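S.K.: First the structure, then my questions, so here it is.
The values are calculated or read from the model by the stated rules, or taken from the named source; none is laboratory data. None of the values given here were measured: they were computed from a predicted structure. In this analysis, Cβ positions are derived from the backbone assuming ideal geometry, glycine residues included, and neighbour counts consider all displayed protein chains. Heads up: the accessible areas ignore ligands, DNA and RNA and are worked out on the full protein's heavy atoms, side chains in. Shrake-Rupley method; radii C 1.70, N 1.55, O 1.52, S 1.80 Å.
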Amino acid sequence: MKDKISIPFVDLTPMHKEIEKELKGVVSEVIDNNNFIGGKYCELFEKKFAEYCGVKYCVGCGNGLDAIVLALKALEIKEDDEVIVPAHTYIATALAVNYAGAKLVFVDSSLEDYLLDISKIEDKITEKTKAIIVVHLYGQTVNMDPVIKIAKKYKLKIIEDSAQAHGATYKGKKAGNLGDIAAFSFYPGKNLGAFGDAGAVVTNDYELAQKVRALGNYGSLEKYKHIFKGVNSRLDEIQAAILYTKLPYLDKWNAERNKVAEKYLKGITNKKVVLPKIDKFNNHIWHIFAVRVKNRIEFIKYLNENNISTNIHYPTAIHKQKAYEELSELNLPVAEQIASEIVSLPMFYGITEEQINYVIKIINEWY
């Protein structure tokens, strides 16, 4: 092993090189066909991704944020309605509730797995509560059975934010097939990523799927007949072709990420580094491998000095962002602690054995 090697936080090259001819082939086909919205590959991808998730319907859209907004609007979540959201998540989850016109209600997260703290949900439910957004963060699903039980008790809808959970499972069922409706992002860095922005909504409910499709197409299912005040959020044909081509490889790529995670979990023994917890009912797909350290600035500086790139998902709790200064006094101590300690290590398909061992060695030597 070299004394120092350079390791990026993420590298999409190995994944794309592996299927380069296929990717270029479908893009060329789309260009030759000159059908760029709602074409053959949009239909094929929606069909195959629905099958992959184990649901009946998939509707492509412009991005993951739009997917959550469209799901909320299809459920007729509106002004004065309250939606429960985990306090530790990407800001898009919160923004979607605002864009739907509803009131955001944060529930603190768990320090064990960084997911929604289910024990705190019922305290936040009021007569105005209409839905719970569960976020399958970092590639691990929320413990859904107790969430479903609470939702049934209070007649609430469950929206899955599955933007980081492509292929993750809960007790054998795929993310996207665990609630009433689910939203996916296909941002390029996701486990299943497009070559630009893209998203999708999946559900087993035909009426919801039709409403989502109409809402994302100017409120229309038939040209020039508008049944809703919709928006323009459609999956374009080139992105659909890319996603359709990559989908058959997703399980293989996820399995390789799992092997990397296993090596990190077994190899990193530095007691100052808190490793992520895997819930026993889950198949984690490791979109992010996040550890916690008390003195994060020094830890990141140390790794950078050793040519190891990192990221932070996410460095500031949402209620402490300037955009949400009206919520800054909320008492969400766990979300704030996670935000202050979390560090994401290199995790990507194609990372080499040498690179993995180097990361482990450098971390174990940190004092």
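S.K.: What residues have an amide H closer than 5 Å to that of Asn311, excluding those fewer than 5 places away on the same chain, when H is modeled at 1.01 Å from N in the peptide plane?
M.R.: Distant-sequence amide H within range of Asn311: Ser344.
S.K.: So, one more: Roughly how far apart, in whole Å, are the Cα centres of the stretch 43-78 and the stretch 311-367?
M.R.: Between the Cα centres of the stretch 43-78 and the stretch 311-367 lies a distance of 29 Å.
S.K.: With the full set of protein chains in place, find how many percent of the accessible area of the stretch 50-99 is carbon and sulfur; take the probe as 1.4 Å.
M.R.: On the way: 800 of 1700 Å².
C and S fraction of accessible area: 47 percent.
S.K.: Assign one of three labels to the stretch 58-110, namely rounded, prolate or oblate, based on the Cα gyration tensor with a ≥ b ≥ c the square roots of its eigenvalues; rounded applies when a/c is under 1.5, prolate when it is not and a/b is larger than b/c, and oblate otherwise.
M.R.: Values: a/c = 2.25, a/b = 1.27, b/c = 1.77.
Since a/c reaches 1.5 but b/c is at least a/b, the shape of the stretch 58-110 is classed as oblate.
S.K.: Amide H of Lys103: which non-local residues (sequence gap of 5 or more, or other chain) have their own amide H closer than 5 Å, using H built in the peptide plane?
M.R.: Residues meeting the amide H criterion: Asp80, Asp81, Glu82, Val83.
S.K.: Further question on the same structure: Taking θ = phi - 60°, what integer Hz values does the Karplus form 6.51 cos²θ - 1.76 cosθ + 1.60 yield along the stretch 166-179, in sequence order, with x for Gly and Pro?
M.R.: With the stated coefficients, the stretch 166-179 comes to 5, x, 5, 10, 10, 6, x, 9, 6, 3, x, 10, 10, x Hz.
S.K.: Here's another thing I want to ask about it. Name the lysines eligible as straight-distance cross-link partners of Lys171: C-alpha to C-alpha under 17 Å, and not fewer than 8 places from it in the same chain.
M.R.: Lys149, Lys277, Lys280
S.K.: Right, another one. What does the charge count around Leu137 come to, taking other residues whose C-beta lies under 11 Å from its C-beta (Lys +1, Arg +1, Asp -1, Glu -1)? Don't jump to the answer; show the numbers that get you there.
M.R.: On the way: positive: none; negative: Asp113, Asp161.
Neighbour charge sum, excluding Leu137 itself: -2.
S.K.: What accessible surface, in Å², does a 1.4 Å probe find on His313, ignoring ligands, DNA and RNA and rounding to the nearest 10?
M.R.: Rounded to the nearest 10, that gives 30 Å².
S.K.: Using the charge dipole of the stretch 260-367 (Lys, Arg: +1 at Cβ; Asp, Glu: -1 at Cβ; taken about the Cα centre), state which of Tyr314, Asn270, Val334 has its Cα farthest towards the positive end.
M.R.: Asn270
S.K.: Starting from the Cα of Asp251, step 7 Å along the direction of its Cβ; do the same at Tyr154; then give the gap between the two resulting points in nm.
M.R.: Placing both labels 7 Å beyond Cα along the Cβ direction yields 3.7 nm.
S.K.: Would you mind calculating the relative contact order of the chain from Cα pairs under 8 angstrom and at least 6 residues apart, reporting the percent as a whole number?
M.R.: On the way: 759 pairs, mean separation 83.6, N = 367.
In percent, rounded to a whole number, it is 23.
S.K.: Using square roots of five times the C-alpha gyration tensor eigenvalues, list the equivalent-ellipsoid semi-axes of the chain in whole Å, biggest first. Intermediate values should be presented prior to the final figure.
M.R.: Details: eigenvalues 217, 153, 56 Å².
Over the Cα atoms of the chain, the semi-axes work out to 33, 28, 17 Å.
S.K.: Another question about this same structure. Give me the percent of DSSP beta bridges within the chain that run antiparallel, rounded to the nearest 5. Don't jump to the answer; show the numbers that get you there.
M.R.: Numbers: 24 of 41 bridges.
Bridges in the chain are about 60 percent antiparallel.
S.K.: Rounded to whole Hz and in sequence order, give me ³J(HN,Hα) for the stretch 196-211 from the Karplus expression 6.51 cos²θ - 1.76 cosθ + 1.60, θ = phi - 60°, writing x for Gly and Pro.
M.R.: Those phi angles translate into x, 7, 6, x, 7, 10, 10, 6, 9, 9, 4, 4, 4, 4, 5, 5 Hz.
S.K.: Taking a label point 7 Å from the Cα of Glu127 along the Cα→Cβ vector, which residues of the stretch 57-96 have an amide N closer than 19 Å to it?
M.R.: Zone members listed by number: 78-84.
S.K.: Is the shape of the stretch 1-97 best called rounded, prolate or oblate, per the rule: a/c under 1.5 gives rounded, else a/b larger than b/c gives prolate, else oblate, with a ≥ b ≥ c the square roots of the Cα gyration tensor eigenvalues? The partial results should precede the final answer.
M.R.: Values: a/c = 2.67, a/b = 1.23, b/c = 2.17.
Oblate shape, in that a/c is at least 1.5 and b/c is the bigger or equal ratio.
S.K.: Expressed as a whole percentage, what fraction of the accessible surface of the stretch 113-188 belongs to carbon and sulfur atoms when a 1.4 Å probe is rolled over the protein heavy atoms?
M.R.: On the way: 1380 of 2850 Å².
Summing carbon and sulfur atoms, their accessible area is 48 percent of the total for the stretch 113-188.
S.K.: How much net charge surrounds Val274 when only other residues with a Cβ under 14 Å from its Cβ are counted (Lys, Arg +1; Asp, Glu -1)?
M.R.: Counting the neighbours of Val274, the net charge comes to +3.
S.K.: I would also like to ask the following. Provide the FRET efficiency to the nearest 0.05 for the Asn35-Glu76 pair, computing r from the beta carbons and using R0 = 22 Å. Walk me through the numbers before you get to the answer.
M.R.: Details: r = 33 Å, r/R0 = 1.50.
Step by step, r from the Cβ atoms, then E = 0.10.
S.K.: Multiply the residue separation of Lys259 and Thr352 by 0.36 nm, subtract the distance between their alpha-carbon atoms, and state the gained length in nm to one decimal. Let's see the in-between values first.
M.R.: Details: separation 93, 0.36 × 93 = 33.48 nm, distance 1.13 nm.
Here the answer is 32.4 nm.
S.K.: Roll a 1.4 Å probe over the protein chains and send me the accessible area per residue for the stretch 222-312 in Å².
M.R.: Values: 4900 Å² over 91 residues.
On a per-residue basis, the stretch 222-312 sits at 54 Å².
S.K.: Now for a different question. Taking θ as phi - 60°, what are the ³J(HN,Hα) couplings along the stretch 35-48 by the Karplus curve (6.51, -1.76, 1.60), each to the nearest whole Hz, with x for Gly and Pro?
M.R.: Each residue's phi maps through the Karplus curve to give 10, 9, 10, x, x, 4, 6, 4, 5, 5, 5, 4, 5, 6 Hz.
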